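Undergrad: Below you'll find the structure I mean.
The values are calculated or read from the model by the stated rules, or taken from the named source; none is laboratory data. None of the values given here were measured: they were computed from a predicted structure. In this analysis, Cβ positions are derived from the backbone assuming ideal geometry, glycine residues included, and neighbour counts consider all displayed protein chains.
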Amino acid sequence: MKKMLMSMMAVGLSLGAAVVASVTVDAKLPVYGPSQGVSGSLKSVGSDTMNNLMTQWFEEFRKYYPNVKTELEGKGSSTAPPALIEGQAQFGPMSRPMKSSEIDEFEKKFGFKPTELRTAIDALAVFVHKDCPLNEISMDQIKATFSVEGKDMTWGDLGVKDPAWAQKPVSLYGRNSASGTYGFFKEHALGKKDFKPTVKEQPGSSAVVQGIAADRFGMGYSGIGYATADVKALKIAAKTGQPAFAASPEFAYSGEYPLSRFLLLYVNHKPGTAMEPLRAEFLKLVFSKSGQETVIKDGYIPVTADIAREELTKIGVKPTF
């Protein structure tokens, strides 16, 4: 992941004061133009994190093709593979890669693996209440705070000196086990260790942020696109004592921010064949300038033209950019 993200630095993103304030899409991405003969129904089942993205992409798609019907279910990344396998959805958005067992089950039925498309980049953030005096945290401290390997932490254990905070326990918020965000955080932040039983599991990413916003001593994890004025994202260091980096486009592209990830869209597509117009046109929209501008509007980081070309080629679309 780090090597991939470092190769994107040439895009030349400019950062504002906000987390994703003035990111611009790669100028080489194409402008989307509608095609003829596109009709039918599209359904997406999967990631809650990607709910807003899929909703906005569907809405934009219907502007070009008003007769196309769209439907969306976002109950967690783990719901995407069975929906694709059972033919209940054309798209399976996931905020984590499919597990080998999920890929094997898909391949057992269809004779080929599902096609994975990288649609955007997310910086998974560790949020605290806006009034919290803590500004940064290390991956070691995150593991100790959230996993069963660490003790029940106070804010003083994390370096907070303010007497109004130091002895207060850290109130933890997270996602449920169906969530790709849960799985990604468990693997990359907790070293696959179990979460503490005191973590308050929430049904969605926005619910995590809302919980922290209402809990002065709260801490939780969620996609940076769900940030609000009532919480702040901590800078994160790879190890205690090393420099900490913000959950910003600059450090997500460089790989210096430790919790960067691709937001993925899985499709049932036989390699070496051309995809039918309905799904192909939707994906061409996703990888266009307007599609990646939607990524920015939703608080995430756009992919480059190079990545867009690679992903379109996977579905039998020959890029013209």
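Undergrad: Is it the case, given these coordinates, that GLY40 is on the phi > 0 side of the Ramachandran plot and not hydrophobic (A, V, I, L, M, F, W, C)?
TA: Yes.
Undergrad: If you don't mind, there's one more thing I want to ask. Which ones in the stretch 33-56 are of a type outside the set (A, V, I, L, M, F, W, C) and either crowded, with 19+ Cβ neighbours inside 10 Å or under 16 Å from SER290 (Cβ atoms) (or both)?
TA: The answer is GLY33, PRO34, SER35, SER44, GLY46, SER47, ASP48, THR49, ASN51, ASN52, THR55, GLN56.
Undergrad: Looking only at the stretch 38-76, which residues are at pLDDT 95 or above and assigned to a helix (DSSP H, G or I)?
TA: Matches in the stretch 38-76: LEU53, MET54, THR55, GLN56, TRP57, PHE58, GLU59, GLU60, PHE61, ARG62, LYS63, TYR64.
Undergrad: Under 7 Å by Cβ, and 6 or more places apart or on different chains, what pairs join a residue from the stretch 273-290 that is touching a residue at least 24 places away in the same chain (Cβ under 8 Å) with one that is surrounded by fewer than 20 Cβ atoms within 10 Å (Cβ to Cβ) and part of a helix (DSSP H, G or I)?
TA: LEU285/GLU60; SER290/GLU60
Undergrad: Tell me whether the stretch 57-73 contains one or more residues that are surrounded by fewer than 17 Cβ atoms within 10 Å (Cβ to Cβ) and of a type in the set (Ser, Thr, Tyr).
TA: yes
Undergrad: For residues that are assigned to a loop (DSSP other than H, G, I, E, B) and at pLDDT below 95, tally how many sit in the stretch 196-227.
TA: The number of residues fulfilling the criteria is 3.
Undergrad: Where residues in the stretch 228-256 are in contact with a strand residue (DSSP E or B) (Cβ under 8 Å, 6 or more places away or on another chain), small (Gly, Ala, Ser) and outside any loop (DSSP other than H, G, I, E, B), which of them is surrounded by the fewest Cβ atoms within 10 Å (Cβ to Cβ)?
TA: Selected residue: ALA244.
Undergrad: Hey, among GLY174, GLY191, which residue is touching a helix residue (DSSP H, G or I) at 6+ places or on another chain (Cβ under 7 Å) and assigned to a loop (DSSP other than H, G, I, E, B)?
TA: Among GLY174, GLY191, only GLY191 is touching a helix residue (DSSP H, G or I) at 6+ places or on another chain (Cβ under 7 Å) and assigned to a loop (DSSP other than H, G, I, E, B).
Undergrad: Only one of (1) in contact with a Gly (Cβ under 7 Å, 6 or more places away or on another chain); (2) more than 26 Å from GLY92 (Cβ to Cβ) is not met by ALA246, so which one is it?
TA: Going through the list (1) in contact with a Gly (Cβ under 7 Å, 6 or more places away or on another chain); (2) more than 26 Å from GLY92 (Cβ to Cβ), ALA246 breaks only (1).
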